[in-house]
Amino acid sequence: MRILYTTAGPVAARENAAYVVNIAKRLGAELTVLHVIDEEDEQERGNKALNVFLECGKKTRVQVTGILQTGDIISQIVKLAEKESSAMIIMGASRGMLLNEWLSSYVKQKTTVPVLVIPIGGPQKNHA
């Protein structure tokens, strides 16, 4: 089984890597992490985000592959999910972020692969 996760950058990667890698581990899945850039000067930022997941995968013994693509975010997500026969796409979303809601909504419309949207930082634990 393969899961595709799309990361928005190094900050989101640091906040979600452990949670997303844990999902893959529990499901016995390999994880592909995709970061899409518009311009070449964003490559360093994208590589930093991917490296966060690669390191987390090493620590937890989960197979993680990082992919940096240039182009339209939605089409790159859908193409990669189909190419790799992903069982699930996981996307992060910040509360109240219209861009994230728009992206996840369009991805869900353009693919038959199930899309799971998680809050940035993963679900919050209830300390009550």
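Laid out as a table, the results:
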{"item": "Loop-resident sites, segment 1-62, for trypsin sites (Lys or Arg not before Pro), counting at most 11 other Cβ within 10 Å (DSSP)", "result": "ARG61"}
{"item": "Global geometry of segment 19-61, whether rounded, prolate or oblate, following the gyration tensor of its Cα atoms and the 1.5 cut on a/c", "result": "prolate"}
{"item": "log₁₀ of I(q)/I(0) at q = 0.17, 0.21, 0.28 Å⁻¹ - segment 21-93, Debye sum with one point per alpha carbon", "result": "-0.65, -0.97, -1.36"}
{"item": "Pairwise FRET efficiency - GLN109 versus LYS58, Cβ, R0 = 30 Å, nearest 0.05", "result": "0.30"}
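Bear in mind that the values in this text are calculations on the coordinates, not laboratory data. This is a predicted model, so every value here is computed, not measured. Backbone-built Cβ (ideal geometry, glycine too); neighbour counts: all protein chains shown.
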